[in-house]
């Protein structure tokens, strides 16, 4: 049964001259990219779609449908800035109430839906890594619709925004140098910028793609390895070494390609921050929700923390779940973490016989807000920065609340959370300079000072859960992850089972039977009706390879993680289908 694509409904449009309707685009393919700007996987998809857009220009119109997770992302000015920040080069529908999201039954960020020239949905994909599948499907369908006479290429409706020049553009982080100079990771300009003691630009270092993190090496280590600063080149998927004496740079790790499941090569995935701790550079590998280490003396890169599952789960380092860790702050036996997607502040504890991950503030992927008080009751909204203050407390750049918060640490345990400053434009990092905290105010393209001597205030603020529709399910549920190999490919079972499915829940007691890992993409799950509400965490993989095989055959691993809010209700639909990818029937 062919499904007619629902109309595009939202608050307004960006990157185009006026409202777009599917009827206006009849005769061309339309690829809808459901995204939200906090999501690293969504940012990956923006990059991977660009070659597809270029290859099929005239025949394909890509439209971003921005369906926000956080309250801040629903602000039209914040969305406008994000569209510029992340170089979105196609029209964007502002969908703050998730109207179009629900019309297309999206369940994950990102979700991609392909509409044919006659206005019918012909493909749906969840997650990243599907560009090759969409390209293969388009290549097949373009020929088909050209033969039918239903393909009518046209001009792009994209209109670029006007950008005002500034010395810094969406700076992400900064580190002070001993002589008063400051290095800034200037993500919007793809540069590292050196500022003088008075704030003026002294030098610019290029060769990066949206660098977000900087780590100044100890002097003895820098002298030994021949560079002073490690740069987390986020969109470039590399670590660079920067020598301040002559401005030279070198690649330390990463080959410029994003690490995907199954890759065994020298690849990274969106390194966001770097910090010196325990005689290593620690790397917040935001793209795969892990912490890695890099030894500048040997060049060895290793996974140190996290399974790769996205969420909030404390425990031994190899078993913990992280969620798009952004900033790191060493403090003795602790490494503080800003875990942005769970709106949490966490730490890596090295005081015992093994490394442990613990949580100070935050409860999970979908709960956030602005509330001071005891750490276990306080709420943040997508914090990107943590900084250890002279008294041992932690300043938190509470990015989407536009605030700097302070987490007291008493006898080694998290204490009260208070608010030091508000009214900031997406603060993303900070460092201490005498009596002040210098805050990287990313949305205002500047560094700002917040006096540390001022007393913190306390506010109740607000509490919020992500406004995604809750799916009603029965106590016994059939979970189906649908997957069809792209045109010209087949399921790849040469090296074992071609699929993997993992199911867990928050709270864990929600799933009574059917949790854990398996190789079948269909599974029966028994839920506890006494628990009632929770989130199903579903991670699926499927492998496909060129059908012709032979030497040089291309193989791909398709992967997506879902966090599905559910409520156990008697009589609800007993089948939950999550599309990993494929052609609509």
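Quick note: the coordinates plus some simple rules give every number you see, no bench work behind them. Since this is a predicted model, take the numbers as computed values, not measurements. As a convention, Cβ positions derive from the backbone with ideal geometry for all residues, glycine included, and neighbour counts pool all protein chains shown.
Annotations
- Normalising the average separation of contacting C-alpha pairs (under 8 angstrom, six or more residues apart) by the number of residues puts the relative contact order of the chain at 10 percent.
- Between residue 533 and residue 156, full extension at 0.36 nm per residue minus the direct alpha carbon distance yields a gain of 131.3 nm.
- Whole-Å distance, taken between Cα centres, linking the range 122-162 and the range 356-412: 43
- Between the range 181-213 and the range 32-94, the alpha-carbon centres lie 26 Å apart.
- Three-way shape call for the range 134-284 based on the alpha-carbon gyration tensor, with the a/c threshold at 1.5: oblate
- Rounded FRET efficiency, nearest 0.05, which uses the C-beta distance separating residue 569 from residue 87 and R0 of 51 Å: 0.75
- Gyration tensor verdict on the range 52-112 (Cα atoms; rounded if a/c is under 1.5, prolate if a/b is larger than b/c, oblate otherwise): oblate
- Model label points for residue 246 and residue 478, set 7 angstrom from Cα along the Cα-to-Cβ axis, are 6.8 nm apart.
- Residues in the range 469-492 reached by a label modelled at residue 519 [backbone nitrogen below 16 Å; 7 Å Cα→Cβ]: 491-492
- Value of [θ]222 nm, deg cm²/dmol, for the chain, DSSP H segments ≥ 4, -39500 (n - 2.57) each, nearest 500: -3000 deg cm²/dmol
- Extension gain from residue 55 to residue 179, taking 0.36 nm per residue of separation minus the Cα-Cα distance: 39.7 nm
- Nearest-ten-degree value, helix 76-85 long axis tilted from longest Cα axis of the chain: 90
- The stretch between residue 391 and residue 223, if pulled fully straight at 0.36 nm per residue, gains 57.4 nm over its current Cα-Cα span.
- For the range 86-131: rounded, prolate or oblate by the Cα gyration tensor [a/c cutoff 1.5]: rounded
- Beta bridges assigned by DSSP with both partners in the range 1-163 are antiparallel in approximately 60 percent of cases.
- Using alpha-carbon coordinates, inclination of helix 131-148 to the longest axis of the chain, degrees: 30
- At an R0 of 25 angstrom, the distance between the Cβ atoms of residue 410 and residue 354 translates into a FRET efficiency of 0.50.
- Correct option for P(r) over Cα pairs in 20 Å bins from 0, in percent [calculated from the coordinates] among (1) 14, 36, 32, 15, 3, 0; (2) 20, 55, 24, 1; (3) 16, 32, 21, 18, 10, 2, 0: (2)
- Applying 1/(1 + (r/R0)^6) with R0 = 30 Å to the Cβ-Cβ distance of residue 278 and residue 432 gives a FRET efficiency near 0.90.
- When only alpha carbons are used to place a centre, the range 493-541 and the range 426-445 end up 42 Å from one another.
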